[in-house]
1. For the stretch 7-64, give me the residue count where each residue is in contact (Cβ under 8 Å) with a residue 40 or more places away in the chain, under 21 Å from ALA110 (Cα atoms) and open to solvent by 80 Å² or more (accessible area, probe 1.4 Å).
2. Of everything in the stretch 68-79 that's open to solvent by less than 60 Å² (accessible area, probe 1.4 Å) and assigned to a loop (DSSP other than H, G, I, E, B), which residue is farthest from ASP31 (Cα to Cα)?
3. Could we say that GLY87 is surrounded by fewer than 16 Cβ atoms within 10 Å (Cβ to Cβ) and not in a helix (DSSP H, G or I) here?
4. Looking at VAL115, VAL52 in this structure, which one is of a type outside the set (D, E, K, R) and in contact with a helix residue (DSSP H, G or I) (Cβ under 7 Å, 6 or more places away or on another chain)?
5. I need the full set of residues from the stretch 7-44 which are part of a loop (DSSP other than H, G, I, E, B), within 16 Å of GLY81 (Cβ to Cβ) and out of contact with any strand residue (DSSP E or B) (no Cβ under 9 Å at 6 or more places or on another chain), in order please.
6. Which residues, counting only those in the stretch 106-120, are at negative phi and either open to solvent by less than 70 Å² (accessible area, probe 1.4 Å) or within 14 Å of the chain's Cα centre (by Cα) (or both)?
Amino acid sequence: FFDGLVFHRVIKDFMIQGGGFERNGAHKEADAIKGEFTANGFENNLTHIRGVLSMARRGGDYNSGSCQFFICNADAPHLNGEYASFGYVVAGMETVDSISAVATNAANNAPTESVVMEKVCFVKQK
């Protein structure tokens, strides 16, 4: 699903967000799911530290998460309990750091050149 999509929002020293747009700007969607975090009535003890993966969502709609996610490139404790963390980067944080340093459009934090996810793998760790 994610192969070929872009990181469309990059905020240095905060997070990189992707999963919802193709290189040509076309929006790619998936069904929304219930957000699994404290403010939505679900116990989720994963905190927003550097390297955490978390579901993006629209504003105050707790159940609007779908295919977009973000990776924190710095600790973001203000997000704890408000967004659904679901994993951590286990290898390749240097790539996250490289992405976080790209030039962006000040108006919407979009990279000025496409940052494409060539191959995305999620690994379940025990």
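The values are calculated or read from the model by the stated rules, or taken from the named source; none is laboratory data. Quantities reported herein were computed from a predicted structural model and do not represent experimental measurements. Note: ideal-geometry Cβ built from the backbone for every residue, glycine included; neighbour counts use all protein chains shown. Areas reflect the complete protein model, heavy atoms only, side chains present, ligands, DNA and RNA absent. Shrake-Rupley method; radii C 1.70, N 1.55, O 1.52, S 1.80 Å.
1. 5
2. In this case the residue turns out to be ALA74.
3. In short, no.
4. Just one listed residue meets the conditions, VAL115.
5. If the condition is that a residue be part of a loop (DSSP other than H, G, I, E, B), within 16 Å of GLY81 (Cβ to Cβ) and out of contact with any strand residue (DSSP E or B) (no Cβ under 9 Å at 6 or more places or on another chain), then GLY41, PHE42, GLU43 are the ones that fit.
6. If the condition is that a residue be at negative phi and either open to solvent by less than 70 Å² (accessible area, probe 1.4 Å) or within 14 Å of the chain's Cα centre (by Cα) (or both), then ALA110, PRO111, VAL115, VAL116, MET117, VAL120 are the ones that fit.
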